[in-house]
Amino acid sequence: VNEAAENQAIEYTSRSAEQTVRLGRALAALMKGGDVVAMIGQLGAGKTQLTRGLAGGLGVDPRRVSSPTFVLMSEYPGRLPVVHIDAYRMAGLGDLESIGWSDELFDGSVTLVEWADRIADQLPADRLEITLEHAGESERLIRLTPRGEWIKRRDKLAMAVASLDVVYSCPTCKTVVSTDNPAFPFCTPRCKMAELNKWFKGDYGIARSITEEDTDVV
Ligand SMILES: [Zn+2]
């Protein structure tokens, strides 16, 4: 059974903290009430960024999401209520019971568990398991393993992850543009203006040769 689950895993390499946040946002779109996300990874592996992205995508103000090192559990209002649990200091079932760990806790909320390996025996069978590993200075290998009912959402998961690797290029200068660039789909306001000017002039050709400035990535 375990081996079958490993075959369902989807891998994603994040190259920055921002990309890890973006992955969380993409995953948030798939969440529904009762979902449990179990995150496993060392300090600095990106669990907090992933939590911020997930919570932000669920409508929680990301500034409210802190690493709850001294708090076992936080709850945030959002499109769906978000329950954020840090299991790092949890000693056993007693600690879990003290925060009301039960099916009722998960009901209607999205529950995000950091250091989920510390409470592996207590995790629900239906969960999205996410392991994060250092794979270089800023690279992280992120493995998403759907378990139980989550396996039915594997295709949607794979699509959400694949969408992160779509590369857009500026229509004017063909430089690669990130979707969070304020001038998107252009790389700079200058390239946006260049495109507009072409329309105004009625000639859809380049009015002058491209200079180095045009190709600067913001
Ligand atoms: Zn451009």
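What helices (runs of 4 or more DSSP H) lie completely within the range 3-115 and have 2 or more residues being over 27 Å from SER163 (Cβ atoms) and more than 15 Å from the chain's Cα centre (by Cα)?
The helices (runs of 4 or more DSSP H) meeting that bar are 93-98, 103-106.
Between TRP101, TRP150, TRP115, which is aromatic (Phe, Trp, Tyr), in contact (Cβ under 8 Å) with a residue 12 or more places away in the chain and within 16 Å of ALA29 (Cα to Cα)?
TRP150
Just need a number here: residues in the range 121-138 that are at pLDDT 90 or above and either β-branched (Val, Ile, Thr) or open to solvent by less than 60 Å² (accessible area, probe 1.4 Å) (or both).
Matching residues across the range 121-138 total 9.
Restricting to the range 149-198, what's the tally of residues that are at pLDDT below 85 and either within 26 Å of VAL21 (Cα to Cα) or away from the ligand (no atom under 16 Å from the Cβ) (or both)?
7
So which residues in the range 41-59 are open to solvent by less than 50 Å² (accessible area, probe 1.4 Å), closer than 20 Å to SER109 by Cα and not polar (S, T, N, Q)? If you could, list the steps in order and put the result at the bottom.
So in the range 41-59, the residues open to solvent by less than 50 Å² (accessible area, probe 1.4 Å) come out as 41, 45-48, 50-51, 53-58.
Okay, now just the ones that are also closer than 20 Å to SER109 by Cα, so 47-48, 50-51, 53-58.
Those that are open to solvent by less than 50 Å² (accessible area, probe 1.4 Å), closer than 20 Å to SER109 by Cα and not polar (S, T, N, Q): LYS47, LEU50, GLY53, LEU54, ALA55, GLY56, GLY57, LEU58.
Here is a check on your reading of the model: is LEU105 under 19 Å from ILE119 (Cα atoms), of a type in the set (A, V, I, L, M) and open to solvent by 50 Å² or more (accessible area, probe 1.4 Å)?
No: the conditions fail for LEU105.
Going through the range 146-187 one residue at a time, which ones are among the aromatic types (Phe, Trp, Tyr) and assigned to a loop (DSSP other than H, G, I, E, B)?
Those that are among the aromatic types (Phe, Trp, Tyr) and assigned to a loop (DSSP other than H, G, I, E, B): PHE184, PHE186.
Determine the pairs where a residue that is touching a residue at least 60 places away in the same chain (Cβ under 8 Å), located within the range 43-68, has a partner that is part of a helix (DSSP H, G or I) with Cβ atoms under 6 Å apart, the partner being 6 or more residues away or on another chain.
Filtered contacts from the range 43-68: GLY46/THR20; LEU50/THR20; LEU50/GLY24.
The values are calculated or read from the model by the stated rules, or taken from the named source; none is laboratory data. Values in this document were obtained by computation on a predicted structure and should not be read as measured data. Ideal geometry is used to build each Cβ from the backbone, glycine not excepted, and the neighbour counts take in all protein chains shown. Ligands, DNA and RNA are stripped out before the accessible areas are found, and what is left, the full protein with its side chains, is counted by its heavy atoms. Shrake-Rupley method; radii C 1.70, N 1.55, O 1.52, S 1.80 Å.
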